[in-house]
1. May I ask you to order 142-155, 80-93 by the average number of other C-beta atoms within 10 Å around their residues, highest value first?
2. Restricting everything to alpha-carbon atoms, can you work out Rg to Rh for segment 136-175 with a Kirkwood hydrodynamic radius?
3. Using only the Cα atoms of segment 85-218, what do you get for the radius of gyration and for Dmax, in Å?
4. Give me 176, 133 ranked fewest to most by other Cβ atoms within 10 Å of their Cβ, as a rough exposure proxy.
5. Calculate, for residue 230 and residue 64, the FRET efficiency according to 1/(1 + (r/R0)^6) with r their C-beta to C-beta distance and R0 35 Å; round to the nearest 0.05.
6. Would you calculate the volume per residue, in Å³, of the smallest convex hull containing every Cα atom of segment 194-244?
7. With no solvent and one point per C-alpha, what does the Debye sum give as log10 I(q)/I(0) for segment 30-99 at q = 0.11, 0.17, 0.22, 0.28 Å⁻¹?
8. Most exposed first by the Cβ proxy, i.e. fewest other Cβ within 10 Å, how do 207, 172, 108, 231 rank?
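Values in this text are rule-based calculations from the coordinates and carry no lab data. Because the structure is a prediction, the values reported are computed rather than measured. Every residue, glycine among them, receives a Cβ derived from its backbone with ideal geometry; neighbour counts consider all protein chains shown.
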C-alpha cells in the first residue's frame, strides 16, 4: 500500500478522559473505507470493486465512463489506495498516527469488525487514535418506535402501516450476510451498532479512553477533512506514551 508520512501538528487535548495534555504521534493517517472523501493529507483506503477498477485498471474504467456504462468516479491512482481490509493492514506494528473509519464498521459481521479493530490497534503508535463513525441503531429504531406508538394510539380502523413498512424496509434493504454476484459486498450492512456495543468493541481490543464524541470533536486535529456524517461516533486511544 502507498503511504506518505505526514507530520501532524500537536494539539492540547482538553476535557477528554486521561488525555488532558497529550499529542497525536507522527505517521500516516489512514482514512479507511474512504469512498469519495479523499483529502491528500490522508492515506485513503477503499475496497470497493469500483476503486479496484479505477486504480488497477484505470484505462478500462475510463472506457466504461466514456461509453456511458459507468458514471465518473472520485477514485483514482493519485489519492486512492485499493486494499482488501479483510487481509489486515499492510503496516508494521506501532507505525500509524491515527485511523478514521466513517460508515465502515457496520459493513463487517461482528467477528470481522473485531478482528479489524484489533488490527488497527496493532498498527497504531502508542497515543494513536481510532475514530469510528457508524449509523446509530437506537436512533433508527427509536424512530420506528415513535411511528409504531403513533399508530397504536389511533383506533384500529384508522391505523396505517405504510410508514412502519417504509422504516422497516430501510433497514432490510441494507442487510446482507453473504456475497452477491457483481456487487461490492462492502456496500451492504452486516451489523447494527449502538454506543454500548461499539465502545465495548474498542475496549475489548485494547483501546483506552473510549468514549462517544460529537461531530468534528476529536483528538485528531484535522478530522473535519474526512468526517462527513454526524451519526454514532466513538473514539479510543492506544495506550502508552506518544512518540514521534
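1. Listed from highest to lowest mean packing, they are 80-93, 142-155.
2. 1.03
3. 18.5, 64
4. Result, fewest neighbours first: 176, 133.
5. With a Förster radius of 35 Å, E is 0.55.
6. Cα convex hull per residue, to the nearest whole number: 86 Å³.
7. These q points yield log10 I(q)/I(0) values of -0.29, -0.62, -0.93, -1.27.
8. With the sparsest Cβ surroundings first, the list reads 172, 231, 108, 207.
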